[in-house]
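Take a look at this one; I'll ask things after.
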Amino acid sequence: MTITVGDKLPQAKLLRVGASGPEAVDTADLTQGRVALFGVPGAFTGTCTNAHMPSFVRNADAFRGKGVDRIVCITVNDPFVADAWAKATGADTAGIEVLADADGSLTRALGLTFDAPAAGLQGRCKRFAALLKDGQFTAFEVEDNPGQCSVSAGEALLEKA
């Protein structure tokens with residue numbers, strides 16, 4: 001079952017590259033204040049790189065201006081790929097945290113898993129965008145097609161912030 005507005009962010013462990021290598025990030029760390037959270041099918045894929053991430057990079061300051069404390073992207077990739085993608089897209093300099101859902105546990109808990117075998121994508125995250133306040137979903141939008149970026153774009157979520 002897919003998460004809906006009013007639900008709490010599920011418990012899961014994500015990964016990021018720290019000073020000494022991969023380090024765990026508990027989703028409990030995302031339950032303080034206001035968080036813009038978005039998920040992508042995969043780092044370095046077309047729509048994710050050319051549309052979804054850029055929509056958040058160009059609106060990062062506007063989100064902060066509306067009181068959003070953190071902007072976080074999750075991707076079902078390893079932390080090294082997530083880190084390289086953050087640097088390649090400018091997410092890191094925009095202050096967007098790109099966290100790896102390497103085992104897909106958060107994606108499954110959110111009810112957002114999909115497969116696209118023809119594209120080599122297994123157990124990936126449907127494209128979504130959400131707002132959380134103290135760990136509770138206050139807005140949540142999922143794309144019907146993983147190649148689309150409209151209801152999950154930064155501009156669309158910013159209107160709800």
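With charges set only on the Cβ (+1 for Lys and Arg, -1 for Asp and Glu), what does the dipole of the chain come to about its Cα centre, in debye to the nearest 20?
For the chain, the charge dipole is close to 200 debye.
Quick check: residue separation of THR2 and THR138 times 0.36 nm, minus the Cα distance between them. What number comes out in nm?
Computed gain between THR2 and THR138 is 47.5 nm.
Could you compute how much accessible surface PHE80 exposes when probed at 1.4 Å, giving the result in Å² to the nearest 10?
Approximately 120 Å² for this residue.
For the stretch 26-161, what is the accessible area per residue in Å² when the probe is 1.4 Å?
Roughly 40 Å² per residue, with all protein chains present.
I would also like to ask the following. Take the Cα of SER105, step 7 Å along the line toward its Cβ, and report every residue of the stretch 9-31 whose backbone nitrogen sits under 17 Å from that point.
9-17, 22-31
Follow-up question, since we're still on this one. Assuming a ≥ b ≥ c are the square roots of the Cα gyration tensor eigenvalues, decide whether the stretch 59-145 counts as rounded (a/c under 1.5), prolate (otherwise, with a/b larger than b/c) or oblate.
Cα axes put the stretch 59-145 in the oblate bin.
For the stretch 11-57, rounded, prolate or oblate, judged on the Cα gyration tensor with a ≥ b ≥ c (square roots of eigenvalues), a/c < 1.5 rounded, else prolate if a/b > b/c?
oblate
At R0 = 30 Å, how high is the FRET efficiency between GLN122 and SER20 if r is their beta carbon distance? Nearest 0.05 is fine.
Efficiency, rounded to the nearest 0.05: 0.50.
Now for a separate question. Taking Cα centroids, how far is the stretch 143-160 from the stretch 27-68 in Å?
Taking the Cα centre of the stretch 27-68 as reference, the centre of the stretch 143-160 is 11 Å away.
Further question on the same structure: Cα to Cα, under 21 Å, and not fewer than 8 places away if on the same chain: which lysines meet these conditions relative to LYS8?
LYS126, LYS133, LYS160
Right, here's the next one. Working with all protein chains in place, sort THR107, THR49, THR138 by solvent-accessible area computed with a 1.4 Å probe, largest first.
THR138, THR49, THR107
If a/c stays under 1.5 just call it rounded; otherwise compare a/b with b/c (prolate if a/b is bigger, oblate if not). Do that for the chain, with a ≥ b ≥ c from the square roots of the Cα gyration tensor eigenvalues.
Rounded is the answer for the chain, as its axis ratio a/c remains below 1.5.
Using a 1.4 angstrom probe with every protein chain in place, what is the largest-first accessible-area order of LEU158, LEU132, LEU15?
Heavy-atom accessible area, descending, gives LEU15, LEU158, LEU132.
Heavy-atom accessible area of THR47 with all protein chains present, probe 1.4 Å, nearest 10 Å²?
40 Å²
The values are calculated or read from the model by the stated rules, or taken from the named source; none is laboratory data. From a predicted model like this one, the values you see are computed outputs, not experimental measurements. As a convention, Cβ positions derive from the backbone with ideal geometry for all residues, glycine included, and neighbour counts pool all protein chains shown. All accessible areas refer to the heavy atoms of the entire protein, side chains included, with ligands and DNA or RNA removed. Shrake-Rupley method; radii C 1.70, N 1.55, O 1.52, S 1.80 Å.
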